[in-house]
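Shown next, in structure tokens, is the structure this report addresses.
What follows is calculated from the coordinates using simple rules that are stated; it is not laboratory data. Only a predicted model underlies this, so the values are computations on that prediction, with no experimental measurement involved. Note that we place each Cβ from the backbone using ideal geometry, even for glycine, and neighbour counts take in every protein chain shown.
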Amino acid sequence: MLLAGCDAPVRLMPTPVTFGSGDVDPFEQAGYQVQGTDLPVFYITNRGAVIEKPEPLHTLLPSERLRMGVAHMRIGDDTLDWETLHRLSTSDDPDARPIVHLKGLEQKAALGPGDTVAGSADAQAFFATVNRALAASQKKELVVYVHGANNTVARASAQAAQLRHFTGRRVVMLSFLWPSTGSILRYFTDVGHAAASVDPFARMIEALAENTKASSIEVVAFSAGAQIVSPAMVKLATPRPGETREQLRQRLRLSHVYFAAPDIDTRRFADELAQYIDIVGRVSIAANLNDSALRFSSVVNRGSRAGSPNLTELSEEQTGFIVDASRKLGFDVIKVDPTAIPNLPPRSHAFWFEDPWVSGDLLGLLLLNAEPQRRGLEPQESPQGTRYWTFPPDFRDRVQRLFTPAAAASSPR
């Protein structure tokens with residue numbers, strides 16, 4: 001029942017191609033205050049807990065309470081200094097990547113399903129801390145990371161931390177720690193826990209929109225995290241009494257939802273997307289058609305996954321919607337093709353952080369709010385008419401030009 005301490009380590013991801021040449025330094029404007037190997041990120045979890053203070057001890061079971069606080073992360077051990085970490089993070093240096101450690105969780109507040117932030121001094125203090133971080137950040141957006149199945153608190157926190165690190169520590173990150181069991185052998189338990197996490201996630205987004213001063217909220221969902229985010233977006237797309245959809249859109253301030261290798265039924269994803277796409281600035285899917293994890297999932301779930309879709313499963317109506325969405329409604333399908341991206345393993349599932357080209361493209365989205373063509377991707381068209389985006393042979397040069405000071409300065413915020 002309790003979280004085990006044996007966890008496969010997360011090593012710092014390869015330097016995104018954006019920063020691999022050393023010509024662009026993501027940390028140049030970060031300030032000395034954020035330089036160092038300590039890297040805290042915010043978290044909110046719907047995991048149950050048997051102990052809450054001084055440090056929470058979570059269970060593997062979902063809870064209706066939202067527990068929130070700070071995950072204190074460190075890159076490397078006590079011997080790693082900032083100069084070495086900076087070098088590893090701004091070059092293609094082949095040295096071994098340091099491990100991203102979870103030093104501990106500091107719970108700040110807990111809210112039951114009927115509780116409000118206004119009625120909790122602890123919750124108000126937590127959101128005040130988030131707002132101070134936003135005020136001190138160069139970018140005022142809040143990025144929410146939602147991990148996949150087969151994950152633990154430590155791994156999920158480490159993934160969020162390294163994403164924050166490679167944004168030059170210029171964004172405020174929050175990890176939604178849903179109760180994955182951390183075992184591939186308990187995949188269907190994770191599927192059930194993901195379903196139980198939909199309402200808590202929607203409550204969390206509502207609370208973030210209402211109680212933070214983020215200029216916008218961006219969501220990055222990996223793998224089975226899509227089974228939480230997609231249906232939660234449908235719930236969030238229901239206006240309050242008397243509220244128009246445009247007012248709802250402005251209230252939630254959801255600028256982008258990025259699905260990396262989404263492990264969710266293709267037909268379900270299409271149906272749900274149609275219900276919420278108008279309240280989000282853009283929705284992206286990054287998909288590898290050879291993804292081995294999603295091939296397994298498609299077999300055991302008896303249907304293709306949105307991250308490796310079989311479009312023949314879609315009805316004529318669903319196909320028509322996907323075509324229109326890709327051309328008119330801000331839906332971007334990004335083809336992660338191992339034959340076009342150097343050194344990408346053919347069956348990669350974790351490409352969003354393991355591959356420098358894909359992570360470089362994601363940073364172009366998070367840091368510069370750039371649309372696919374401006375990020376250096378090229379448009380293509382499927383036989384059905386769906387527009388999708390591919391990585392051209394000169395993508396490295398294109399995305400590095402995007403991050404030159406003049407180009408970055410002209411990007412919309």
Just to confirm my numbers, what's the Cα centroid distance between segment 93-136 and segment 339-372 in Å?
27 Å
Most to least packed among 223-231, 236-244 [average Cβ atoms within 10 Å]:
223-231, 236-244
Could you list Arg375, Arg302, Arg74 so that the one with the fewest beta carbons within 10 Å of its beta carbon is first and the one with the most is last?
Arg302, Arg74, Arg375
Based on other C-beta atoms within 10 Å, arrange Asp332, Asp278 from fewest to most.
Asp278, Asp332
Arranged from highest to lowest average of other beta-carbon atoms within 10 Å per residue, in what order do the peptides 146-158, 105-117 appear?
146-158, 105-117
Among all lysine pairs in segment 10-409 that are eight or more places apart or on different chains, how many have alpha carbons less than 16 angstrom apart?
4
Sort Asp93, Asp78, Asp263 so that the residue with the fewest other Cβ atoms within 10 Å of its own Cβ comes first and the one with the most comes last.
Asp78, Asp93, Asp263
Everything considered on the Cα gyration tensor (a ≥ b ≥ c; rounded for a/c under 1.5, else prolate if a/b is larger than b/c, else oblate), segment 11-106 must be described as prolate
Would segment 331-387 count as rounded, prolate or oblate if I go by the C-alpha gyration tensor, calling it rounded below 1.5 in a/c and otherwise prolate when a/b exceeds b/c, oblate otherwise?
oblate
If the label point is 7 Å along Cα→Cβ of Asp38, which residues in segment 109-130 have backbone nitrogen under 18 Å from it?
129-130
Please compute the contact order of segment 10-409 in relative form: average sequence separation of alpha-carbon pairs under 8 Å and at least six residues apart, divided by the residue count, as a percent.
15 percent
To the nearest 0.05, the calculated FRET efficiency linking Thr189 and Asn301 through their beta-carbon distance, R0 being 22 Å, is 0.95
Just want the answer: with Cβ charges of +1 for Lys and Arg and -1 for Asp and Glu, which residue in Ser382, Gly192, Gly112 is farthest toward the dipole's positive end in the chain?
Gly112
Segment 53-95 - Rg (one decimal) and Dmax (whole number), Cα, Å
17.3, 45
Correct option for Rg/Rh (Cα atoms, Kirkwood Rh) [calculated from the coordinates] among (i) 1.03; (ii) 0.94; (iii) 0.99:
(ii)
Mean residue ellipticity at 222 nm from the helices of the chain, using -39,500 (n - 2.57) per DSSP H segment of n ≥ 4 over the full residue count, to the nearest 500 deg cm²/dmol?
-10500 deg cm²/dmol
Magnitude of the charge dipole, segment 10-409, Cβ model with Lys/Arg +1 and Asp/Glu -1, debye to 20:
580 debye
Looks like segment 261-413, by Cα gyration tensor root eigenvalues a ≥ b ≥ c and the a/c under 1.5 rounded cutoff (else prolate when a/b is bigger than b/c, oblate otherwise), is oblate
Considering amide H positions built from the backbone, and no H for Pro or chain starts, which residues 5 or more places from Ala109, or on another chain, come under 5 Å of its amide H?
Met68
